[in-house]
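Asks: Just passing along the structure, written as structure tokens.
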């Protein structure tokens with residue numbers, strides 16, 4: 001499958017370049033997030049078509065990935081691209097980079113191709129595992145995928161409804177899953193990647209499927225997710241959010257403790 005990966009990287013870089021040119025001209029760098037989520041879906045579909053093998057297991061894994069890709073891409077596009085608000089992450093980077101911003105943001109877009117390739121590894125391992133007949137672990141993987149999809153969708157909708165109410169300005173959302181952890185949307189995103197671990201079970205390459213949840217946990221907890229979200233929330237909500245931090249877990253859902 002070396003030809004697939006070479007083609008994927010080349011085509012991915014071309015698409016990332018086109019997206020970057022549009023994003024820079026439209027001053028909408030946030031489209032880079034959509035490049036990653038939508039590109040993963042296209043990459044997985046291309047992998048299945050390239051292999052030209054269509055087992056029930058393989059089609060189920062592909063369906064899970066495509067549903068995830070379309071949902072997340074739609075959410076990111078509607079909330080970060082169509083929204084009139086500028087993403088504070090990229091505003092901060094533009095300010096920090098100064099005159100080098102144009103060059104550096106192009107690097108950010110190209111980096112999405114490497115990230116897509118990284119997260120395609122567990123997906124392709126899961127796609128290649130199994131036989132035509134579904135096993136118990138396939139159903140367990142499907143259950144995890146459905147739970148994560150419902151959990152992330154519910155978390156996003158509850159937070160959006162909370163923020164849309166002017167009466168909640170400066171307040172902290174503690175409704176639904178937000179009562180049990182500060183970032184349930186991130187938790188359910190991480191949970192999604194465990195589905196491919198179960199889909200890949202039994203494969204000689206199974207260990208590679210762990211890249212998904214491990215890499216996603218690291219990105220969300222230490223790089224792109226929670227650190228930035230916490231800084232923004234503290235700036236916007238001050239003491240209310242500090243109290244939220246003191247009583248509610250950041251990532252793993254648990255019963256709030258008193259402070």
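Asks: Work out how far the C-alpha atoms of segment 56-187 reach from end to end along every principal axis, then list the three figures in whole Å, largest first.
Replies: Each principal axis gives a Cα extent; for segment 56-187 these are 53, 41, 23 Å.
Asks: Another question, if that's okay. Given a cut-off of under 8 Å on Cα pairs at least six residues apart, what relative contact order in percent is computed for the chain? If you can, show how the numbers build up before the last one.
Replies: Details: 299 pairs, mean separation 53.9, N = 259.
Result for the chain is 21 percent.
Asks: Of the residues 164, 46, 145, which exhibits the maximal mean-square fluctuation in a Gaussian network model of the chain defined by a 10 Å Cα contact cut-off?
Replies: So, out of 164, 46, 145, the one fluctuating most is 164.
Asks: Using only Cα atoms, locate the centre of segment 1-66 and the centre of segment 148-215, then give the distance between them in Å, rounded to an integer.
Replies: Between the Cα centres of segment 1-66 and segment 148-215 lies a distance of 22 Å.
Asks: Moving on to the next point. Each label point is 7 Å from the Cα along the Cα-to-Cβ direction; what then is the distance between the points at residue 207 and residue 111, in nm?
Replies: Each label point is offset 7 Å from its Cα along the Cβ direction, giving 2.8 nm.
Asks: What percent do you get for the relative contact order of segment 1-104 when only Cα pairs under 8 Å and 6+ apart count? Intermediate results must be reported in sequence, preceding the final value.
Replies: On the way: 53 pairs, mean separation 29.2, N = 104.
Relative contact order, segment 1-104: 28 percent.
Asks: Also: For the chain, what is the mean residue ellipticity at 222 nm derived from helices alone (per DSSP H run of n ≥ 4: -39500 (n - 2.57); sum divided by total residues; nearest 500 deg cm²/dmol)? Don't skip to the answer; put the middle values down first.
Replies: Numbers: 10 runs with 179 residues, N = 259.
Using -39500 (n - 2.57) per qualifying helix, the result is -23500 deg cm²/dmol.
Asks: Rounded to the nearest 10 degrees, what's the angle between the helix 56-76 long axis and the longest principal axis of the chain, both from Cα atoms, 0 to 90?
Replies: Tilt relative to the chain: about 30 degrees.
Asks: Gain in length, residue 169 to residue 118, computed as 0.36 nm per residue apart minus the alpha-carbon separation, to one decimal in nm? The partial results should precede the final answer.
Replies: Numbers: separation 51, 0.36 × 51 = 18.36 nm, distance 3.86 nm.
Full-extension gain reported as 14.5 nm.
Asks: How far is helix 88-97 tilted off the main Cα axis of the chain, in degrees rounded to 10, range 0 to 90?
Replies: Rounded to the nearest ten degrees, it is 90.
Asks: When every alpha-carbon pair in the chain is counted, what percent end up more than 33 Å apart?
Replies: Working: 8296 of 33411 pairs.
Of all Cα-Cα pairs in the chain, 25 percent lie more than 33 Å apart.
Asks: Figure the gain on full extension for residue 6 and residue 157 (residue separation times 0.36 nm, minus the Cα-Cα span) and round it to one decimal in nm. Working shown, then result.
Replies: Details: separation 151, 0.36 × 151 = 54.36 nm, distance 3.86 nm.
Extra length available between residue 6 and residue 157 comes to 50.5 nm.
Asks: Given a Förster distance of 45 Å, report the FRET efficiency between residue 135 and residue 96 from their Cβ-Cβ distance, rounded to the nearest 0.05. Mind showing how you got there, number by number?
Replies: On the way: r = 49 Å, r/R0 = 1.10.
For residue 135 and residue 96, the calculated efficiency is 0.35.
Asks: Here is a further query. Taking 0.36 nm per residue of sequence separation and subtracting the Cα-Cα distance, how much length would be gained by fully extending the chain between residue 222 and residue 45, in nm to one decimal? It would help to have the intermediate numbers written out before the result.
Replies: On the way: separation 177, 0.36 × 177 = 63.72 nm, distance 3.00 nm.
In short, 60.7 nm is gained.
Asks: Can you tell me which of 44, 239, 195 moves the most in a GNM of the chain? Springs connect C-alpha atoms under 10 Å apart.
Replies: Judging by the Gaussian network model, the answer is 239.
Asks: Within 10 Å of each residue's Cβ, count the other Cβ atoms and sort 74, 222 from fewest upward. Kindly include the intermediate steps, with their values, before the conclusion.
Replies: Numbers: 74 13, 222 10.
Least to most surrounded, the residues fall as 222, 74.
Asks: Using the beta-carbon distance between residue 242 and residue 22 and R0 = 35 Å, what value does 1/(1 + (r/R0)^6) give for FRET efficiency, to the nearest 0.05? Intermediate results must be reported in sequence, preceding the final value.
Replies: Details: r = 40 Å, r/R0 = 1.13.
Step by step, r from the Cβ atoms, then E = 0.30.
Asks: Using only Cα atoms, what Kirkwood radius does segment 1-128 have, in angstroms? It would help to have the intermediate numbers written out before the result.
Replies: Values: mean 1/r = 0.0644 Å⁻¹.
Here the Kirkwood hydrodynamic radius works out to 15.5 Å.
Asks: While we're looking at this one, here's another question. Compute the helix-to-body angle for 31-51: its Cα long axis versus the longest principal axis of the chain, expressed 0 to 90° and rounded to tens.
Replies: Orientation of helix 31-51: about 10 degrees from the principal axis.
Asks: Can you give me the orientation-averaged projected area of the convex hull built on the Cα atoms of segment 174-259, in nm²? Kindly include the intermediate steps, with their values, before the conclusion.
Replies: Working: hull surface 25.1 nm².
Mean shadow area of the hull around the Cα atoms is 6.3 nm².
The numbers here are math on the coordinates, done by the rules we state, and not lab data. Remember, it's a predicted structure, so these values are computed and weren't measured experimentally. Please note: Cβ atoms are built from the backbone with ideal geometry, for glycine as well, and neighbour counts cover all protein chains shown.
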